[in-house]
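Inspection log for the structure reproduced underneath, given as structure tokens.
The values are calculated or read from the model by the stated rules, or taken from the named source; none is laboratory data. Note that the structure is a prediction, hence the values are computed from the model and not measured. FYI the Cβ positions are ideal-geometry reconstructions off the backbone, even for glycines, and counts take in every protein chain you see. All accessible areas refer to the heavy atoms of the entire protein, side chains included, with ligands and DNA or RNA removed. Shrake-Rupley method; radii C 1.70, N 1.55, O 1.52, S 1.80 Å.
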Amino acid sequence: MTQPPEPNDTGPPSPARTVVRCLERAELVVGALLLTLIFTLMLVQATQRHLPVSGWVWTGELARFGLVWLTFSLVGYLVGRDEHITLKLVDHVARGRVLRGVWVLANLVVAAVAVGFVFEAAELVFGGSPQTTPALNVPLSWTYVIPMVGLSLAALRALANTLLPAPPALETTPEERAE
């Protein structure tokens, strides 16, 4: 059998793809940093329990915030790559226009929910609550900035997904999907 000819796409990537790739890399770097922060803080916390010194309460608080921030900082990346939690039953049964319709509808629902959460997070961020976190004394409104940004990116990625012809194939690698 002969292999089909590979597309000869040697031109420069479009500016939109370049921006999306840079944004994806930034999201992954933030996620990796938050994961490292969580691991380090939990290690410090576990070590403190076996030492004859008083523990730092703020390590547990920051680790919990880091876990929430990790979740929301990567939600846009996962939505854009179609790697979030989904039911793939329709993907295996439906084909053609039905699959495309379900894909678009699902992304519109995700975008609508994310936009609703963004408005609620914005209200919490800009509401000017006088409360602070117990151990770190950080204004509580600051803790909602990362979820607000992450959900904004998720809404944008879901809307951008509606312009794609179909969901990314599961057999392709992330690098192949980016191109």
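Open to solvent by less than 60 Å² (accessible area, probe 1.4 Å), closer than 30 Å to residue 56 by Cβ, at pLDDT 90 or above and not β-branched (Val, Ile, Thr), is that true of residue 114? Give the derivation first.
Details: open to solvent by less than 60 Å² (accessible area, probe 1.4 Å): yes; closer than 30 Å to residue 56 by Cβ: no; at pLDDT 90 or above: yes; not β-branched (Val, Ile, Thr): yes.
Spelling it out, it is not the case that residue 114 is open to solvent by less than 60 Å² (accessible area, probe 1.4 Å), closer than 30 Å to residue 56 by Cβ, at pLDDT 90 or above and not β-branched (Val, Ile, Thr).
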Considering residues that are in contact with a Pro (Cβ under 9 Å, 6 or more places away or on another chain) and under 30 Å from residue 83 (Cβ atoms), the number found within region 126-163 is 1
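Counting only residues that are open to solvent by 50 Å² or more (accessible area, probe 1.4 Å) and not polar (S, T, N, Q), give me the helices (runs of 4 or more DSSP H) lying completely in region 43-100 with at least 3 of them.
Working: elements: 57-73, 75-81, 89-93.
In region 43-100, the matching helices (runs of 4 or more DSSP H) lie at 57-73, 89-93.
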Any residue at all in region 77-85 that's charged (D, E, K, R), without any contact (Cβ under 8 Å) to a residue 12 or more places away in the chain and under 16 Å from residue 158 (Cβ atoms)? yes
Would you confirm whether or not region 146-161 contains a residue that is modelled with pLDDT under 90, more than 14 Å from the chain's Cα centre (by Cα) and surrounded by 14 or more Cβ atoms within 10 Å (Cβ to Cβ)? yes
